[in-house]
1. Per-residue ellipticity at 222 nm for the chain, helices alone: DSSP H runs ≥ 4 residues times -39500 (n - 2.57), over residue total, nearest 500 deg cm²/dmol?
2. Multiply the residue gap between Thr82 and Lys125 by 0.36 nm, knock off their C-alpha separation, and tell me the result in nm, one decimal place.
3. Going by a 4.7 Å Cβ-Cβ cut-off, which cysteines of the chain have no partner at all?
4. Which distance in Å, rounded to a whole number, links the C-alpha centroids of the stretch 1-62 and the stretch 68-138?
5. Starting from the Cα-Cα distance between Ser115 and Leu15, subtract it from 0.36 nm times their residue separation and give me the gain in nm to one decimal.
6. Once the other residues with Cβ under 12 Å from the Cβ of Thr31 are scored (Lys, Arg +1; Asp, Glu -1), what is the net sum?
7. Toward the positive end of the charge dipole of the stretch 1-65, about the Cα centre and with charges on Cβ (Lys, Arg +1; Asp, Glu -1), which of His20, Ile5, Phe44 goes farthest?
8. Could you list the square roots of 5 times each eigenvalue of the Cα gyration tensor of the chain, that is, the equivalent ellipsoid semi-axes, sorted largest first and rounded to whole Å?
Amino acid sequence: MDEIIKLLDLNLNYLYHEIHEDTLYIFIESTLSAVPCPFCDTPFSKKHSSYQRIFQDLPIQGKKVEIIIQNRKIFCLNENCTQRTFSERFTFLNNKSKKTKRLEEEIIRLSLHCSSVTAAKHLSKHTVKVGKSTICNL
Ligand SMILES: [Zn+2]
């Protein structure tokens, strides 16, 4: 499972997983020691707090996948920066998105040849919980 998680980002560690009905929940952590501030690009490591972030990824073995991480908030100690704290960001996830980029690409691919209503029904059954408005937005 760790290898699958590292396909997203080499700085992620697999912790454990649970299966509930049709969904696989994978718990992970980031091991990046110094995180670059998205506003001034300077790396810092002093932790402010953390919060649980959940996002969906591509299905595995017919199970929908939800990944859970304790997303760190870090102090930016650069006196010239406009921000005092920032959240760790990931290249595989658009800011504030609840789906990985590769999952969003898959949703777009599967939705190109049918209506958003049909695509939403099909995707919700087999791949990911998704509404037709999300498909239209993508
Ligand atoms: Zn900064």
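1. -7000 deg cm²/dmol
2. Working: separation 43, 0.36 × 43 = 15.48 nm, distance 4.46 nm.
Gain on extension, Thr82 to Lys125, equals 11.0 nm.
3. Within the chain, the cysteines lacking a partner Cβ under 4.7 Å are Cys114, Cys136.
4. 13
5. 32.2 nm
6. -2
7. Phe44
8. Values: eigenvalues 195, 66, 25 Å².
After diagonalising the Cα gyration tensor, the semi-axes are 31, 18, 11 Å.
Just so you know, all these numbers are worked out from the coordinates, no wet-lab data involved. This one's a predicted model, so the numbers in the text were calculated from it and none came from an experiment. When we count neighbours, we look across all protein chains shown, and the Cβ atoms used for this are built from the backbone with ideal geometry, even at glycine.
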